[in-house]
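The values are calculated or read from the model by the stated rules, or taken from the named source; none is laboratory data. On a predicted model such as this, the values are computed, not experimentally measured, just so you know. Counting neighbours? That spans all protein chains shown, and the Cβs are built from the backbone with ideal geometry, glycine included. Surface areas here come from the heavy atoms of the whole protein model, side chains and all, with no ligands, DNA or RNA. Shrake-Rupley method; radii C 1.70, N 1.55, O 1.52, S 1.80 Å.
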Amino acid sequence: MRYWLMKSEPGDVSIDDLAGFPNQTVDWYGVRNYQARNFMRDQMKVGDGVLFYHSNCAEPGIVGIAEVSRLAYPDRLQFVEGHKYYDPKATPENPRWFNVDVKLVRKTRLLSLKEMRETPELESLRILQRGNRLSITPVDPREWNFIMKLLEA
DNA sequence: GCCAACGTTGGC
DNA sequence: GCCAACGTTGGC
């Protein structure tokens, strides 16, 4: 069992969008970075914990807890010609991009990027490291537990 | 909109 | 395989 932080732009899929989706589940489409893909394809298991993070918006931060609800499978959009996420080098026989399904556990208060930066216990969070741009990053169990406590408060 | 940081592409 | 050019991310 691992823990992850997954960024989503609320203009694309927000926590409220997720809450309104059938089964409160979304296929995590559109990842086109190999490191992030590898995390999904090679490491994520059903039941892994997910911090749902709003990025590229007015109030960036963690807004909910979710879980991996389906193992990685080929991202359908890589095959859709003309789509933003189309990849001409991908074929159904040899897909390049994968996604898991993510299911909402519960919405939380906003744990803002600012607050995380001001919290010494979270210094080691990957997302806070200089220059980090990865949309999916592993979260240490200690970091996860600490964040769970912060979100209860 | 700016721009630092970083990933990808493609000529050589 | 190098590396300059270009594209993207994402906070501010």
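Structure values in brief
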read-out	value
Failed condition for A:LYS89, given (1) under 17 Å from A:SER55 (Cβ atoms); (2) within 16 Å of DNA strand B (Cβ to nearest atom)	(1)
Any hit, the range A:124-143, residues being at pLDDT 95 or above, within 15 Å of DNA strand B (Cβ to nearest atom) and hydroxyl-bearing (Ser, Thr, Tyr)	yes
Residue identified as in contact with a Leu (Cβ under 7 Å, 6 or more places away or on another chain) and either away from DNA strand C (no atom under 13 Å from the Cβ) or not aliphatic (A, V, I, L, M) (or both) among A:LEU111, A:LEU71, A:LEU122	A:LEU122
Output for the range A:125-144, where each listed residue is more than 18 Å from the chain's Cα centre (by Cα) and more than 11 Å from DNA strand C (Cβ to nearest atom)	A:ARG142
Residues of the range A:44-57 satisfying the condition of being open to solvent by 30 Å² or more (accessible area, probe 1.4 Å), closer than 21 Å to A:PRO141 by Cα and either under 13 Å from the mean Cα position of the chain (by Cα) or in contact (Cβ under 8 Å) with a residue 40 or more places away in the chain (or both)	A:LYS45
One residue from A:ARG70, A:ARG37, A:ARG41 being open to solvent by 10 Å² or more (accessible area, probe 1.4 Å), away from DNA strand B (no atom under 16 Å from the Cβ) and basic (Lys, Arg)	A:ARG70
For A:PRO60: the one exception among (1) within 18 Å of A:PRO141 (Cα to Cα); (2) surrounded by fewer than 20 Cβ atoms within 10 Å (Cβ to Cβ)	(1)
Test result for A:GLU143, surrounded by fewer than 14 Cβ atoms within 10 Å (Cβ to Cβ) and not basic (Lys, Arg)	no
Pick from the range A:12-34, criterion away from DNA strand B (no atom under 16 Å from the Cβ) and at positive phi, ranking: surrounded by the fewest Cβ atoms within 10 Å (Cβ to Cβ)	A:ASN23
The range A:95-137, residues that are in contact (Cβ under 8 Å) with a residue 60 or more places away in the chain and either surrounded by fewer than 16 Cβ atoms within 10 Å (Cβ to Cβ) or of a type in the set (Lys, Arg) (or both)	A:LYS103, A:LYS107, A:ARG126
Failed item in (1) modelled with pLDDT under 95; (2) open to solvent by 70 Å² or more (accessible area, probe 1.4 Å); (3) closer than 21 Å to A:GLN35 by Cβ, with A:TYR85 passing the rest	(2)
